[in-house]
Amino acid sequence: QVQLVESGGGVVQPGGSLRLSCAASGRIFRIYEMGWYRQAPEKQRELVAVINSVGITNYVDSVEGRFTVSRDAAKDTVYLQMNSLKPEDTTVYYCNVRSLGDLWGQGTQVTVSS
């Protein structure tokens, strides 16, 4: 079964940047959408940024203008460039791929703190 492998999380100061990557362990047939969600403790998982098969993107309002989602279709890989990070961006970020099924990564911690 194909798995999603995330990387790029870590600790950064407010105003700093991080780039998350999510790569599939094998080819995924017919991807409709790829993207990133996040979930804080005791809160529901929320959409952060997604990109569909024709390149249309969608962002949660709180990251608009600061985060950029992109993909490499040839590699079944999705990225999240996060700039101007704020302490409230601190949480676990999950990669998601929607194809014939719904795949999730294991999560990567992002901590924004001085």
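The values are calculated or read from the model by the stated rules, or taken from the named source; none is laboratory data. Everything quoted here is computed from the prediction, not taken from an experiment. FYI the Cβ positions are ideal-geometry reconstructions off the backbone, even for glycines, and counts take in every protein chain you see. Just so you know, the surface numbers come from the protein's heavy atoms only, side chains and all, with ligands and any DNA or RNA stripped out. Shrake-Rupley method; radii C 1.70, N 1.55, O 1.52, S 1.80 Å.
Give the range 71-107 a look and list any residue that's polar (S, T, N, Q), within 10 Å of the chain's Cα centre (by Cα) and open to solvent by 30 Å² or more (accessible area, probe 1.4 Å), or say none. Result: Gln81, single match. Residue check: is Gly65 within 23 Å of Pro87 (Cβ to Cβ) and part of a loop (DSSP other than H, G, I, E, B)? For Gly65, the condition - within 23 Å of Pro87 (Cβ to Cβ) and part of a loop (DSSP other than H, G, I, E, B) - is met. Note on the range 71-105: residues that are in a strand (DSSP E or B) and in contact (Cβ under 8 Å) with a residue 24 or more places away in the chain total 17. Taking the range 75-99 as the range and being closer than 19 Å to Gln1 by Cα and of a type in the set (Val, Ile, Thr) as the test, the residues that pass are Thr77, Val78, Val97. Only residues that are without any contact (Cβ under 8 Å) to a residue 40 or more places away in the chain, open to solvent by 80 Å² or more (accessible area, probe 1.4 Å) and basic (Lys, Arg) were counted across the range 29-70, and they come to 1. Only one of the numbered conditions (1) buried (at least 17 other Cβ atoms within 10 Å of the Cβ); (2) touching a Phe, Trp or Tyr at 6+ places or on another chain (Cβ under 7 Å); (3) touching a residue at least 40 places away in the same chain (Cβ under 8 Å) is not met by Arg19, and that is (1).
Counting only residues that are among the hydrophobic types (A, V, I, L, M, F, W, C) and at positive phi, how many does the range 42-87 have? Step through it out loud before you land on a result.
So the first thing to find is which residues in the range 42-87 are among the hydrophobic types (A, V, I, L, M, F, W, C), and the list is 47-51, 54, 56, 60, 63, 67, 69, 73-74, 78, 80, 82, 85.
From what's left, at positive phi: none.
So the answer is 0.
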